[in-house]
Amino acid sequence: MLSKTRFFFTKNSFVLKSLAQSRGCRLSIASGFKLKNFNFWPNTMKSSRFYSTTSISAEGAAKISESAAAAAATAVKNETKKVISNKIVAYWLMGTSGLVFGIVVLGGLTRLTESGLSITEWKPVTGAIPPLNEKEWEEEFEKYKNSPEFKQLNSHITLEEFKFIFSMEWGHRLMGRGIGMFFILPALFFWKTGRFSPHITRRVIGLTGLLGLQGAIGWWMVKSGLDEEQLAARKSKPTVSQYRLTTHLGAAFLMYLGVLWTAFEILNENKLVKQAQRAPEIAKDVMAKLTNPSLKPVRVLATGLLVLAFATAMSGGMVAGLDAGLIYNTFPHMGDDYIPSASELMDPVYARKEDKSDMVWRNLLENPTTVQLVHRIFATTTFFAILAAHSYVNRRKAFIPKPVTRSMHGVMGAVTLQVALGITTLIYLVPISLGAAHQAGALVLLTACLAFSAKLKKPRPEVISYINTVMKNQLLKAKV
């Protein structure tokens, strides 16, 4: 067989199969190739004669072969920089995901301690400096006294109590600024030094935009709890809008998932290339399994579980925004029945239009009873969906790679823990420790689902093409 690059393969069927599937290569039968159209030697090596009077010794042939192998190795090394990002980029992204995980938990604690409305201004730069003396503390306290939360709920608190809630919110904002610096500055360095592949460069640009947007969403959320007109329109006590809270939470979760997915992708691609270089047979087996059409239903299943877990977490954000976890603190019953009465679930009082045309969707999103029921339904569905997926994967171990099966076990463990945390948090009236743990558990479950999906991901066409180059290099070395 002859590839487009004019490199002959006769024994490695895996390489031939990979080349046939790659857009950059075209196979043809050597015997059917017309010699008159075949210009293998460069023009500089052409001779007017059809024969040579100089014989090449065995030692000379070996040197030529070694030079060719070295040239191929250099080509492979240069191609790596263009296709696959450096592993250090993956470790940096893993560190960023850890910080995002931490700020999500800290944000939950800020919410649970009712500290989120203690800072009434948004100063992206100068706001990083806290009050440094008693006079500055008094000034911040006076600003807080003009807020609806102080007037209606916290008029009894002292300056010392205010310092605590202020410090919680200030720490949350400071950590957000720190994540921005930790993400953007190394990104610039990696881009400048060429450690990003083109597709990772685009991904990082998008994540940087999402990170900046998240800061704006955060203030947009806080503003909804400081504006008296908005509170009056919502007929709400001084608290942030559940819609904006869930948007803020969703953006943080998307940032976390985007960063972690990119890190998993880089690590998996580097591992596959390393296997192709050191253990071609192992790489051949992994590639064969990942490209097996039988895995397609499993990939669809993995994506569905990830989406379902994310939707459950967002419904939990709505519960938090409405303090819906403080009612119906029993499970599986809600009061005397499994489901409250229809009149309570679809209460006309939540409709704002005279014709009540908005009653259904407003009850689904603004009635604490209905919102809690929706969250219970999502959580129960997620648990049983993962249980069914776990059984499905275990019955198909023959063609599913072992790392995928192990990841599925992790997903099953994470969802079991999360359900236990959710029920316990509800029964004990959402104590701060359990509430924060339940929010962290949502991220743990999403992480497990993401890892499961990452293990199933097929290599990109560019990576397949690069692995073909590695295989060609290995064959050339074997001939030397």
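Placing +1 on the Cβ of every Lys and Arg and -1 on the Cβ of every Asp and Glu, with no other charges, gives the stretch 293-457 a dipole of roughly 1420 debye about its Cα centre. Between the C-alpha center of the stretch 371-416 and that of the stretch 308-367 there is a gap of 26 Å. Once both labels are positioned 7 Å from their Cα atoms along Cα-to-Cβ, the gap between LYS143 and LYS402 label points is 5.8 nm. Once the Cα-Cα distance is subtracted from the 0.36 nm per residue extended length, the THR416 to ASP336 segment shows a gain of 26.2 nm.
Mean sequence separation of contacting Cα pairs (under 8 Å, at least six apart), scaled by the length of the stretch 293-457, corresponds to a relative contact order of 31 percent. Among the listed pairs LYS192/LYS455; LYS402/LYS472; LYS163/LYS237; LYS151/LYS237; LYS87/LYS296, those with a Cα-Cα distance over 20 Å are LYS192/LYS455; LYS402/LYS472; LYS163/LYS237; LYS87/LYS296.
Note on the stretch 304-355: along the principal axes its Cα atoms extend 39, 31, 21 Å, ordered by decreasing extent. Dividing the mean sequence gap of close Cα pairs (under 8 Å, 6+ apart) by how many residues the stretch 85-278 holds gives a relative contact order of 37 percent. Multiplying the residue separation of THR424 and TRP361 by 0.36 nm and removing their Cα-Cα distance gives an extension gain of 19.8 nm. So what is log10(I(q)/I(0)) for the stretch 85-278 at q = 0.19 1/Å, when the Debye sum runs over its Cα atoms only? Values returned for q = 0.19 Å⁻¹ are -1.25. Of the trypsin sites (Lys or Arg not before Pro) found in the stretch 386-480, those in coil by DSSP whose Cβ has at most 12 other Cβ atoms within 10 Å are ARG395, LYS397.
For a modelled paramagnetic label at LYS87, 7 Å from Cα along Cα-to-Cβ, the residues of the stretch 265-287 in reach, with backbone nitrogen under 16 Å, are 265-279.
Annotation for the stretch 79-175: GluC sites (Glu not before Pro) lying in DSSP loop with at most 13 further Cβ atoms inside 10 Å of their Cβ are GLU121. Basic side chains Lys and Arg get +1 at the Cβ, acidic Asp and Glu get -1 at the Cβ, and with that the dipole of the stretch 333-373 about its Cα centre reaches some 180 debye.
Every number here is computed from the coordinates shown, using simple stated rules; none is lab data. These numbers come from a predicted model, not from an experiment. Glycine also receives a Cβ, built like all others from the backbone with ideal geometry; neighbour counts cover every protein chain displayed.
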